[in-house]
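Following: one structure in structure tokens, then a few remarks.
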Amino acid sequence: MPNQVTLFNIMKAEKFSGKDEKSTLIKKQKKRTDKIISFLIYIVFLRVLYFLVPWYITLVLKYLDPDNIFLPTIFLMTSLISTEICSNVMFGSLYCLEIPYFEKKKCSNEPWPWKTDQEKWRKDFKKILLGFFQIKLFFVPLFIFVFSYFAPFFKITLDDIPSFPVFCFQVTLKYILDDFGMYWQHRLMHLPFFYKFHKKHHEIIIPITIADTHLHFVDFLTNVIATCVITQMAFGTNFPLISHVASGVLATWSAEEIHSGYEFDWSLANALPLSVTPKYHDDHHSRNLGNYGVHFQLWDKIFKSGQSETPIEDFSTKK
Ligand SMILES: [Zn+2]
Ligand SMILES: [Zn+2]
């Protein structure tokens, strides 16, 4: 028969396990609510693009001939660059303002790079900015070349804009397929021969938004081939320009966000199941191996390359 002390301990254990269950349940509910909010943000984001892209097409068509071979390039390039500018302004403001609420959402416990060694940061920042403009100088002629070639495949008119559900489906499908290409491009870049081209991206140990475009031009070029060209060839004429541009904007925002250094409970980058979170990609930067997915963890799970599935000793090989 249990004595009084044992009974007291049993009651205490039950009380604690009850508390644990309750807090696990609350955490689960919060996670579910955050996912729903993220998904609603995703739909609102697509709805805004569904309105903005045709408006932008109308605006450009006022000044350019619809048969102009550079038209798709102009649409896509200006849309992507505007997205980069918006995300850098938004996250740049958060870095400068240091609002306690957002600072609590930092992925890393390490201070921001400009807090530890200002001199080194100034040099690194100059290097990042220079790289950013180099990519843009390379980016412009490359897109002019590639998309001028593919221009006949795009539908430039406003007559065949899909319905909103079809648009959402097309954008999401392209987003997933592009990520498949990016996953393999990224994995390839981590092979010893190609790593010399990817090393530049890994110079940034604690990512910030602008680090997303800190790429060697070979890394950038193979990324473009793995995404835009392959999926565009797969879709052919069945993929309208509006969905193509919107998918590019979504992918750009998402890639900038996973490099932001902040992990928000609800965010665009976390809207779809198995999304790559900033923390997930931070782990890739800090360990330099594993977690190759850019938008989805799905490919890492399928091809067993997630950090949780790779022996820890493997991570010491590249620095
Ligand atoms: Zn990498
Ligand atoms: Zn990265």
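What follows draws every value from the coordinates through simple rules; no lab data is involved. None of these values were measured; they are calculated from a predicted model. Note: ideal-geometry Cβ built from the backbone for every residue, glycine included; neighbour counts use all protein chains shown.
Can you find, among Phe145, Phe303, Ser247, the residue sitting farthest towards the positive end of the charge dipole of region 4-317, where Lys and Arg contribute +1 and Asp and Glu -1 at Cβ?
Phe303
For Phe296, which sequence-distant residues (separation of 5 or more, or a different chain) have an amide H within less than 5 Å of its own amide H, given hydrogens modelled in the peptide plane?
Val276
Would you order Met233, Met189 from fewest to most other beta-carbon atoms within 10 Å of each residue's own beta-carbon? Display every interim value, and only then the final one.
Details: Met233 10, Met189 23.
Ordered from fewest to most neighbouring Cβ atoms within 10 Å, Met233, Met189 come out as Met233, Met189.
Kindly state, to the nearest 0.05, the FRET efficiency for Ile99 paired with Met233, given R0 = 35 Å and r defined as their beta-carbon distance.
Numbers: r = 45 Å, r/R0 = 1.27.
For Ile99 and Met233, the calculated efficiency is 0.20.
Give the distance, in whole Å, between the Cα centre of region 184-202 and the Cα centre of region 22-79.
Comparing the Cα centres of region 184-202 and region 22-79, I get a distance of 30 Å.
List every residue whose amide H lies under 5 Å from the amide H of Lys106, counting only residues 5 or more places away in sequence or on a different chain, with H placed 1.01 Å from N in the peptide plane.
Glu263
Could you put Thr172, Thr252, Thr24 in order, starting from the residue whose Cβ has the fewest other Cβ atoms within 10 Å? Could the numbers behind the result be given before it?
Details: Thr172 17, Thr252 20, Thr24 10.
The most exposed by this proxy come first: Thr24, Thr172, Thr252.
Starting from the Cα of Asp160, step 7 Å along the direction of its Cβ; do the same at Lys199; then give the gap between the two resulting points in nm.
Placing both labels 7 Å along Cα→Cβ, they lie 4.7 nm apart.
Multiplying the sequence separation of Leu52 and Thr33 by 0.36 nm and subtracting their Cα-Cα distance, what value in nm do you get?
On the way: separation 19, 0.36 × 19 = 6.84 nm, distance 2.83 nm.
Difference between extended and current length: 4.0 nm.
Can you list residues from other chains, or at least 5 along the same chain, whose modelled amide H is less than 5 Å from the amide H of His216?
Amide H neighbours of His216, under 5 Å, 5+ apart: Lys200, His201.
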